[in-house]
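Right, one structure below, let's go through it.
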Amino acid sequence: MSTLIVPPNLTSPRQDAIDLYKAFKGFGCDTAAVVKILAHRDAMQRALIQQEYRSMYSEDLTKRLSKELSGKLETAILLWMHDPAGRDATAVWQALQVSDLRGATEVICSRTPSQIQVFKQAYHAKFGVQLQQSIHNATTGDHNKILLAYIGIGRYEGPEIDLALVEQDAKALYKAGEKRLGTDENVFIQIFSHRSRAQLAAVAAAYNRIYGTELTKAVKKETSGDFEYALLTILRCAENPAKYFAKVLHKAMKGLGTNDTTLIRVVVTRTEIDMYYIKAEFHKQFGKSLGDWIHSETSGHYRTFLLSLIGTNH
């Protein structure tokens, strides 16, 4: 469920385009006005505003925004202006450009097969290169293998599970990991990249039941680095995506300093998908609201923008 709050009496995309143009005119940008409009429009409305702006002013709205805004707010709003597939493609591209392999892995391994197929097309259309090629160039070893397998296989997305296969997979993972000296990574890659979310969650439950230990602990024990991160992301998103993202957000904000790249990526890409559930999980896990955390870790128009997206006003 989305946390985006769209006003009940919505102005037309044409009027929004005019109001944005007015906000840009004169000395300095009326940033508050820009945030007030764009933080309360859904993907379709934002696309229409961009069309109207281009037809009226013969200028690309995102290019104008990048001239008028700066810093973290600019990063957040420019990512927000894309449709969901364009956002995912851009987030992965940006992460790979700075060798943020965890960021790229988070996006890829937390998306459904249908989301991956659409953002693969957007990636090629925007950047003129196949996602597979970018992954191939940026990653190595088992991390490379799991990402390429994960984006290349069209997994089932329904709730039904194959009970016979569940037990078989649980036993295969135990045999490939905890039972032996060393790890047969290919078995982990095969099962984690081929099974649906419902199936993998059932495998994790069966593993715990049969061997008395959590599959996540086995993954941590048997694998490491970016490969481990990919497997854990796939597994945690199979079990509870909202809980996974709540933990990612908490990690981005806890301690000294804030990882704004992660904060922006998660808030902006999940607002129109499941932020309602992420907020609930965040409060449940950490005893304080996501809005309170964001409020204390951010400031200015950047803070206002993020809080608006998650449907929280302070």
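The values are calculated or read from the model by the stated rules, or taken from the named source; none is laboratory data. Everything quoted here is computed from the prediction, not taken from an experiment. Please note: Cβ atoms are built from the backbone with ideal geometry, for glycine as well, and neighbour counts cover all protein chains shown. In case anyone asks, the SASA skips ligands and DNA or RNA and just uses the protein heavy atoms, side chains included. Shrake-Rupley method; radii C 1.70, N 1.55, O 1.52, S 1.80 Å.
Among Gly291, Gly212, Gly103, the largest mean-square fluctuation in a Gaussian network model of the chain, built with springs joining Cα atoms closer than 10 Å, belongs to Gly212. Post the alpha-carbon centroid distance, region 1-66 to region 215-234, in whole angstrom. Answer, in whole Å: 42. Comparing Glu106, Glu160, Glu68 in a Gaussian network model of the chain where C-alpha atoms under 10 Å apart are linked, the largest mean-square fluctuation is found at Glu160. Derived scalar couplings between HN and Hα for region 56-62 equal 7, 10, 6, 9, 7, 4, 5 Hz in order, rounded to whole Hz, by the Karplus curve 6.51 cos²θ - 1.76 cosθ + 1.60 (θ = phi - 60°), x for Gly and Pro. Could you run the Debye sum over the Cα atoms of region 80-163, one equal point scatterer each and no solvent, and tell me log10 of I(q)/I(0) at q = 0.15, 0.24 Å⁻¹, two decimals? Scattering profile of region 80-163, log10 relative to I(0): -0.52, -1.22. For the residue pairs Lys67/Lys254; Lys217/Lys243; Lys254/Lys279, the alpha carbons lie more than 21 Å apart in Lys67/Lys254.
Residue pairs exceeding 27 angstrom between C-alpha atoms, taken from Lys25/Lys72; Lys171/Lys247; Lys145/Lys175: Lys171/Lys247. The chain has equivalent-ellipsoid semi-axes of 39, 21, 17 Å, by the square roots of 5 times the alpha carbon gyration tensor eigenvalues, sorted largest first. Eigen-decomposition of the gyration tensor built on the alpha-carbon atoms of region 2-128 gives equivalent ellipsoid semi-axes of 28, 17, 14 angstrom, largest listed first. Here the Karplus curve 6.51 cos²θ - 1.76 cosθ + 1.60, taken at θ = phi - 60°, turns the phi angles of region 146-163 into couplings of 5, 5, 5, 5, 5, 7, x, 10, x, 6, 5, 10, x, x, 5, 10, 9, 4 Hz, with x standing for Gly and Pro.
Computed from phi, the 3J(HN,Hα) profile of region 92-98 under the Karplus parametrisation 6.51, -1.76, 1.60 (θ = phi - 60°) reads 5, 4, 4, 5, 5, 5, 10 Hz, with x in place of Gly and Pro. The mean sequence distance of close C-alpha pairs (under 8 Å, at least 6 residues apart), as a share of the length of the chain, puts its relative contact order at 22 percent.
By the Stokes-Einstein formula, at 1.306 mPa s and 10 °C, region 249-312 with its Kirkwood radius over alpha-carbon pairs has D equal to 136 µm²/s.
Applying the criteria of a DSSP loop state and at most 12 other Cβ atoms within 10 Å to the trypsin sites (Lys or Arg not before Pro) of region 218-314 yields Lys288.
Averaging 1/r across all pairs of distinct Cα atoms in region 136-272 and inverting the result yields a Kirkwood radius of 16.0 Å. The portion of the accessible surface of region 1-115 made up by carbon and sulfur, rounded to a whole percent, is 54 (1.4 Å probe; DNA, RNA and ligands excluded). Could you list the residues of region 107-122 with an amide nitrogen less than 19 Å from a label point located 7 Å from the Cα of Gln285 in the Cα-to-C-beta direction? It comes to 107-112, nothing else. The trypsin sites (Lys or Arg not before Pro) of region 1-88 that DSSP puts in a loop, and whose beta carbon has at most 13 other beta carbons within 10 Å, are Lys25.
For the chain, adding -39500 (n - 2.57) for each run of n ≥ 4 DSSP H residues and dividing by the number of residues yields -22000 deg cm²/dmol at 222 nm.
With 0.36 nm allotted per residue and the present C-alpha distance subtracted, the Met1-Glu59 stretch has 17.5 nm of extension available.
On full extension, the segment bounded by Gln133 and Gln51 gains 26.4 nm, given 0.36 nm per residue less the C-alpha separation. The loop-placed GluC sites (Glu not before Pro) in region 162-226, going by DSSP, that have at most 16 neighbouring Cβ atoms within 10 Å of their Cβ come out as Glu178, Glu214.
Across region 191-271, the volume of the C-alpha convex hull divided among the residues equals 116 Å³ per residue.
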